[in-house]
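A short reminder: the numbers here are calculations on the coordinates, not readings from a lab. Given the structure is predicted, the values throughout are model-derived calculations rather than measurements. Note: ideal-geometry Cβ built from the backbone for every residue, glycine included; neighbour counts use all protein chains shown.
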Amino acid sequence: MCPSEVARAVSTDDDWRSAMPIVHAAIDSLLLEGRVQLSWKGRPLKTRSGPYRINLPARPLASAAQAKRTLRN
């Protein structure tokens, strides 16, 4: 997802650009918490720098045994 899409979604008017500093700050916090990952042209980024896309981190697949235990509980 492009950060400008986030700014457009949270902005209450056509001035979505004024929301960009807030979006960047939120992304920085989420990145530190490991809740998002950043990339550009398919390459991972460690920090927000220049153009970037926001991605959810990949979750490891549960084993069949773990899935069965989860379903039983």
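Descriptive notes on the structure:
- Criterion (loosely packed, with under 11 Cβ neighbours inside 10 Å, touching a Lys or Arg at 6+ places or on another chain (Cβ under 9 Å) and not charged (D, E, K, R)) met by exactly one of Leu32, Leu56: Leu56
- Where Ile54 falls short, out of the listed (1) of a type outside the set (Ser, Thr, Tyr); (2) under 12 Å from the mean Cα position of the chain (by Cα); (3) part of a helix (DSSP H, G or I): (3)
- Within segment 33-55, being closer than 19 Å to Ile22 by Cα, touching a strand residue (DSSP E or B) at 6+ places or on another chain (Cβ under 8 Å) and not polar (S, T, N, Q) holds for Val36, Leu38, Arg48, Gly50, Pro51, Tyr52, Arg53, Ile54.
- Subset of segment 48-64 (residues that are free of Cβ contacts under 8 Å to residues at least 24 places away in the same chain and within 16 Å of Met1 (Cα to Cα)): Ser49, Gly50, Pro51, Leu56, Pro57, Ala58
- Some residue of segment 17-25 being surrounded by 10 or more Cβ atoms within 10 Å (Cβ to Cβ), touching a residue at least 24 places away in the same chain (Cβ under 8 Å) and closer than 20 Å to Arg59 by Cβ: no
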